[in-house]
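The structure under discussion appears below in the form of C-alpha cells.
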Amino acid sequence: MSLELFNQLEQKITDTVEALEMMKLENEELRNENAQLKQEREEWESRLQGVLSKFDGMSDSNAS
C-alpha cells in the first residue's frame, strides 16, 4: 500500500471518528431536550386536568 493511500485511509478514519463523536453529542443534547419537553408536557397536562376538574365541579354544583 502506498503512503498516499495510507494517508487517505487514515484521514477518512479520522473524519469518521469525528463525525461519530459529533453525532453522539447531538444525540445526548436531543435526549436532554426530549426529557425536558416530556416534563413540560406532563406539567401542562396536570394543569389542564386541574382546570377541567374545576369545570366538572361547577357543572356538578349547577345540576344540584
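The values are calculated or read from the model by the stated rules, or taken from the named source; none is laboratory data. Because the structure is a prediction, the values reported are computed rather than measured. No Cβ is skipped: glycine too gets one built from the backbone with ideal geometry, and neighbour counts run over all protein chains shown.
Taking the criterion of being at pLDDT 95 or above, among the hydroxyl-bearing types (S, T, Y) and over 14 Å from the mean Cα position of the chain (by Cα), would at least one residue in the range 49-64 satisfy it? No - not one qualifying residue is present in the range 49-64.
Of all residues in the range 7-14, at least one satisfies being at pLDDT 95 or above, in a helix (DSSP H, G or I), surrounded by 10 or more Cβ atoms within 10 Å (Cβ to Cβ) and of a type in the set (D, E, K, R).
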